[in-house]
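> One structure is given below, represented as structure tokens, and several questions about it will come after.
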Amino acid sequence: MNLSEHDISLQTLFDKNRAFIEKGAASGVNLARVKAAEAFALQGIPSNKVEAYKYTNLQPWFKAGFEQAYGLNGYSADDLKTFECNVHELEAHTIFTVNGKFVEGSNGDALPDGVVAGSFSELSKKHPEIIEKYYGRLAKVEADGFIALNTMFAMDGVFIYVPKNKVVEKPIQIVNVLTGPSDLMVNQRNLIVVEENAQARVLFCDHTLSMSRFLVNTVTEGYVAESGMLDFYNLQNQHNGTVQVGGYYFDQEGKSQLNANYFTLHTGITRNNIFSRLGGEHAENHISGLYVIDKNQHVDNFLFIDHAVPDCESNELFKGVMDDASTGVFTGRILVAPDAQRTNAYQSNNNLLLTDSAKMNSRPQLEIYADDVKCSHGATVGQLDENAMFYLRARGISKEEANILLMYAFAYEVIEKIKVPSLKEQIRQLVEKRFRGELDKCDSCVVCGQLGTNLIKSN
Amino acid sequence: MLKIRNLHAMIDGKEILRGINLDIKAGEIHAIMGPNGSGKSTLASVLTGNEAFEVVEGTVEFNGKDLLDMSPEDRAREGLFLSFQYPVEIPGVSMTNFMRTALNEQKKYRGEDILSASDFLKLMRDRKNLVDIDSDLTNRSVNEGFSGGEKKKNEIFQMAMLDPKLAILDETDSGLDIDALRIVANGVNKLRRPDNATILITHYQRLLDYIIPDHVHVLFNGRIVKSAGKELAHKLEENGYDWIKQELVE
């Protein structure tokens, strides 16, 4: 194919800065850049002519005009001290990244023996065997131009490794902060490995702290080995000038469990690429999402569930509440391999459109090559139930309050899936505030907590 | 308490109420009976402000205020309550949250202090006993998965919580077994005071064995065609509605 002007500008940018990008990076990570650059040359950034990106054209945004966030851009750990509010902190191991870069010393909290959580840049050098085994295994550069772009530019992010039989009880919370005076492009790279019979809960909170325009292209790979368990949460609360492509690539082995939950409370343009491969028998996953958007916000959740082997189960539940002229997209692709018998795959996407100008495109795509399977899919787009509305008002509840109660009731099914009770309560409150139009930046740290005392000490 | 004068209402261009006149005083229980399609439920809907119906003529005064001019929520806050014939299931809204929101909004409207969490829970417990409702039901979403009888009991529970001045029970007896009917009737009787009133809309006389009305009205073709004491209900039970139709023709 012909690359666009923008694609070429990104290639040039990479070539010019390659030495800088590669300096101090792990050899496995640098090796991957070679293939990534080749793959990018073949694909470029997907335009809306690519079927998977039909309703979200990201090509105009991704160009070299944006300054690359290679470092903290003058931001220091001290500045994070302003990221404080008088709210309850979630009991968690907290790690900060700023513009895609791990904040030195922010992982001071003691983790269980053998568990590592910290800078991708540092830990990828320390654990070449893990990089060799997992890096880029599932997020294939030839599959998507965004993966290729990320793999070319990736310098830092978060690296989490949970060895065999280890259980990390407190959630590991990653607060991803975008900030600074200038517009930025961020290519953050994260790797999560949960080994055999190990368990972890990982929460990503995505925030913006300054009004600059941010272009984010994150790739997160998550590997869950046999009988392992990963609870993954993504909470997104970013300003309207944010364009974020979040790629989440999960690979599951036998009897493993994955729960992944995506909450988009505020954004500009969001595209989530959520890929899950069920690669061992009796693996199970539950992937859910809630998007609450208004004005001109746009959210596109693209899911691909790959049932590669028999006897696995997948569940998808995505719900959206859309106000004003906001637009949403849901694509739920389920692939059942020829011998993946006794597969259970369920998918549901329900949307509440509050205005005539809000718009939703929902596409279930089931590709089934096995004959003994249970698959279901359902998509709905509707308005608030008028009978329920009258019932509430007939008890003395105002129209506005009844609206909020019903929107919240609609969203609750997704919130209910959160397995950490304190996190569930905090997200519940956030969503309610969102419906009341009271959500501000300060509230977002209800979930994300404050800067740990460890960091302040380490400075 | 309630003064209805020459009330006409329509839905989808069809006139259902054709000139209702009715006076209800504090302390009274009125039964409105009538064959199917006579306009009984429409009357309940129009009084509570269901926007599907259009009032084309007439006035309704509720404690000296123009009822028809108010939103559904303000009518409730003024003390009007409807026990729905078909209570709506609302998944995701808990009974507790629903009742607390409703009660507090009503109290705010009337300039009263809202209840503390513990006072509210105490009131819930107290009112649950009154209608013998399963404790478990109030922990669930509004009416979700409730049986027909549970839904009706839940309506009376809400009535007990909100303590209205005028309650309209729209076929609350339909679909109730005799035990549930007794519980519902018992609840209504216990809530009866000299300063409140009740309208029972029913097709059958059975409920009136348990809740004794002061007045019985027969609604037919959108008009009240006969009003008398409680003995009228018995006569209807024995002879059906045909004799009334006969009388009208004559």
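Every number here is computed from the coordinates shown, using simple stated rules; none is lab data. The structure displayed is predicted, hence computed values, not measured ones. All Cβ positions, even for glycine, are placed from backbone atoms using ideal geometry, and neighbour counts span all protein chains on display.
> Take each complete run of DSSP H in chain A, measure how far its Cα atoms stretch along the helix's own axis, and keep only those covering 18 Å or more with mean Kyte-Doolittle hydropathy at least -0.5; list them. Provide the component values of the computation, followed by the final result.
On the way: long enough: A:5-22 (24 Å, -0.56); A:27-43 (24 Å, 0.45); A:399-415 (24 Å, 0.61); A:421-436 (23 Å, -1.16).
Helices meeting the span and hydropathy rule in chain A are A:27-43, A:399-415.
> Calculate, for A:MET211 and A:LYS295, the FRET efficiency according to 1/(1 + (r/R0)^6) with r their C-beta to C-beta distance and R0 22 Å; round to the nearest 0.05. Kindly include the intermediate steps, with their values, before the conclusion.
On the way: r = 15 Å, r/R0 = 0.70.
About 0.90, to the nearest 0.05.
> Which percentage, to the nearest 5, of the DSSP beta bridges contained in chain A is antiparallel?
DSSP beta bridges in chain A are roughly 5 percent antiparallel.
> Mind listing P(r) for chain B? All alpha-carbon pairs, 5 Å bins, whole percents.
Bin by bin from 0 Å, the calculated values are 1, 6, 13, 17, 19, 17, 13, 8, 3, 1, 0, 0, 0.
> Still on this structure, please answer the following. Bin by bin, in steps of 20 Å, what percent of the Cα pairs in the protein assembly as shown do you find, going until the bin that has the longest distance?
16, 40, 25, 16, 3, 0
> Also: Count the lysine pairs in segment B:149-250 that are 8 or more places apart or on different chains: how many have C-alpha atoms under 18 angstrom apart? Mind showing how you got there, number by number?
Details: B:LYS152/B:LYS190; B:LYS153/B:LYS190; B:LYS165/B:LYS190; B:LYS226/B:LYS235; B:LYS226/B:LYS245; B:LYS235/B:LYS245.
Within segment B:149-250, the lysine pair count is 6.
> Give me the one-decimal nm value for the distance between modelled label points at A:LYS23 and A:GLN429, 7 Å along each residue's Cα-to-Cβ direction.
4.6 nm
> From the Cα gyration tensor of segment A:126-242, with a ≥ b ≥ c the square roots of its eigenvalues, which class applies: rounded if a/c is under 1.5, or else prolate if a/b is larger than b/c, or else oblate?
Values: a/c = 2.51, a/b = 1.49, b/c = 1.69.
Here segment A:126-242 falls in the oblate category.
> Something else about it: Residue-wise, which Karplus ³J(HN,Hα) couplings in Hz belong to segment B:135-148, taking 6.51 cos²θ - 1.76 cosθ + 1.60, θ = phi - 60°, and x for glycine or proline?
Result, ordered by residue: 4, 4, 4, 6, 8, 9, 6, 3, 6, 5, x, 6, 6, x Hz.
> A further question on this structure: Enter the angle in degrees (range 0 to 90, nearest 10) between the Cα long axis of helix B:95-109 and the first principal axis of the Cα atoms of chain B, meaning the one along which they spread out most.
Rounded to the nearest ten degrees, it is 80.
> Here is a follow-up. Rounding to the nearest 10 and keeping the result within 0 to 90°, find how far the Cα-based axis of helix B:178-191 lies from the longest principal axis of chain B.
That helix lies at roughly 80 degrees to the long axis.
> For a test of the definition: using alpha carbon positions, the gyration tensor, and the 1.5 limit on a/c, classify segment B:1-94 as rounded, prolate or oblate.
rounded
> Please compute the average number of Cβ atoms from other chains found within 10 Å of each residue's Cβ in peptide B:87-97. Intermediate values should be presented prior to the final figure.
Details: counts 2, 9, 4, 10, 5, 11, 10, 3, 0, 0, 3.
Mean shielding count: 5.
> How far apart, in nm, are two points set 7 Å out from the Cα along the Cα-to-Cβ line at A:ASP113 and at B:THR59?
8.7 nm
> Less than 17 Å from a label point 7 Å out along the Cα-to-Cβ axis of B:SER147: which backbone N atoms in segment B:165-203 qualify, by residue?
B:173-185
> What is the mean number of Cβ atoms from other protein chains located within 10 Å of the Cβ atom of each residue in peptide B:71-77, rounded to a whole number?
Partner-chain Cβ atoms within 10 Å, mean over residues of B:71-77: 6.
> So for the pair B:ASN189, A:ASN48, with labels modelled 7 Å out along Cα→Cβ, what separation do we get in nm?
With each label point 7 Å from Cα toward Cβ, the separation is 6.9 nm.
> Distance between the C-alpha centers of segment A:169-214 and segment A:109-160? Whole Å please.
Each part's Cα centre sits 13 Å from the other's.
> Determine, for each peptide in A:177-186, B:9-18, the mean count of other beta carbons within 10 angstrom over its residues, then list the peptides with the highest first. It would help to have the intermediate numbers written out before the result.
Working: A:177-186: 19.5, B:9-18: 15.7.
Packing order, densest peptide first, comes out as A:177-186, B:9-18.
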